[in-house]
Every structure is written in C-alpha cells, then in structure tokens.
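Asks: Below is a structure I'd like to ask you about.
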Amino acid sequence: MLRITQEQIESFDGIARANFYRRLAVYLREVMPEETAGYGNDALLGYIATSAQRASMHQIETESGIAQWTCLALVLGLDFDDNLTICEYLRGC
C-alpha cells in the first residue's frame, strides 16, 4: 500500500500554492496592468502571498476567493480589510 507522509503532503501543497501564485501573477498582469506595473515578479508573488494570508484570516482559501481578494487588495490597499465598514461586513467586528 502506498503511504503519503505529512511532510510529502506539505511539500505537494507548497508546490501547488507556488504554481497558483505564478498563475495568478500572470493573470493580474494581464487584467490589472496599471496596478501591477510597480511590482517586479518576486515582489508581486510576495504581495499575492501576503494577500492570501490576509484572506485566510477571513476563511477565504479557495483559488478563486484568493484571486478576488488580491484584486481588491491591489485596488483598495493590502490592508483594506482593516477598514471598519469592510471589517464589519467580513466578520461582524
């Protein structure tokens, strides 16, 4: 029987996440060229990773959810969820 260790699962997850971030970066450069123009490739990938972490604080963890969150962050600012009105909407602060 084939067994996959937790370490292997985490490795696969990291590979899948990095692949998603790269695909999202390409997409963002295509649909939001003005908003992404100031970011080098590594900086944009870092922005996406940070955006994904913030999205996960609101239980947004699907690829489409993270993509939408990142688009909002590029327009409104990475910490847009700190806005009281948005915070109330997201989690009832």
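The values are calculated or read from the model by the stated rules, or taken from the named source; none is laboratory data. These numbers were taken from a predicted model, which means no experiment stands behind them. Positions of Cβ are backbone-derived with ideal geometry, glycine not excepted, and every protein chain shown enters the neighbour counts. Ligands, DNA and RNA are stripped out before the accessible areas are found, and what is left, the full protein with its side chains, is counted by its heavy atoms. Shrake-Rupley method; radii C 1.70, N 1.55, O 1.52, S 1.80 Å.
Asks: What's the local net charge at Ser64, with K and R +1, D and E -1, over the other residues with C-beta under 15 Å away? Spell out each step's value before the answer.
Replies: Working: positive: Arg17, Arg23; negative: Glu61, Glu63.
Surrounding charge for Ser64 is 0.
Asks: So with the 1.4 Å probe, I'd like the accessible area per residue for the chain, rounded to whole Å². Walk me through the numbers on the way to the answer.
Replies: Values: 6450 Å² over 93 residues.
Solvent-accessible surface per residue comes out at 69 Å².
Asks: Taking the Cα-to-Cβ direction at Arg17 and at Asp42 and moving 7 Å from each Cα, how far apart do the two end points lie in nm?
Replies: Label at Arg17, label at Asp42, 1.9 nm between them.
Asks: Right, another one. So for each of 73-81, 30-38 I average, over its residues, the number of other beta carbons within 10 Å; can you give me the resulting order with the highest mean first? Present the calculation step by step, with values, prior to reporting the outcome.
Replies: Details: 73-81: 15.0, 30-38: 10.7.
My ranking of the peptides, most packed first, is 73-81, 30-38.
Asks: Share of the chain's accessible area from carbon and sulfur, percent, 1.4 Å?
Replies: 54
Asks: With a cut-off of 8 Å between alpha carbons and a minimum separation of six or more residues, what is the relative contact order of the chain in percent?
Replies: On the way: 44 pairs, mean separation 18.5, N = 93.
Computed value for the chain: 20 percent relative contact order.
Asks: Another question about this same structure. With a/c under 1.5 counting as rounded, go ahead and sort the chain into rounded, prolate or oblate using the C-alpha gyration tensor (a ≥ b ≥ c being the square roots of the eigenvalues; past the cut-off, prolate if a/b is larger than b/c, else oblate). Provide the component values of the computation, followed by the final result.
Replies: On the way: a/c = 2.81, a/b = 1.34, b/c = 2.10.
Oblate, since a/c reaches 1.5 and b/c is not below a/b.
Asks: Select from Ile15, Ile60, Ile48 the residue whose mean-square fluctuation is largest in a Gaussian network model of the chain (Cα-Cα springs shorter than 10 Å).
Replies: The residue that fluctuates most here is Ile15.
Asks: Let me ask something additional. Farthest toward the dipole's positive end in the chain, which of Leu44, Met1, Phe12, given Cβ charges of +1 (Lys, Arg) and -1 (Asp, Glu) about the Cα centre?
Replies: Highest projection toward the positive end goes to Met1.
Asks: If you place +1 on the Cβ of every Lys and Arg, -1 on the Cβ of every Asp and Glu, and leave all else neutral, what size is the dipole of the chain about its Cα centre, to the nearest 20 Debye? Numbers along the way, then the final one.
Replies: Values: 7 positive and 13 negative charges, 54 e Å.
Once rounded to the nearest 20, the dipole reads 260 debye.
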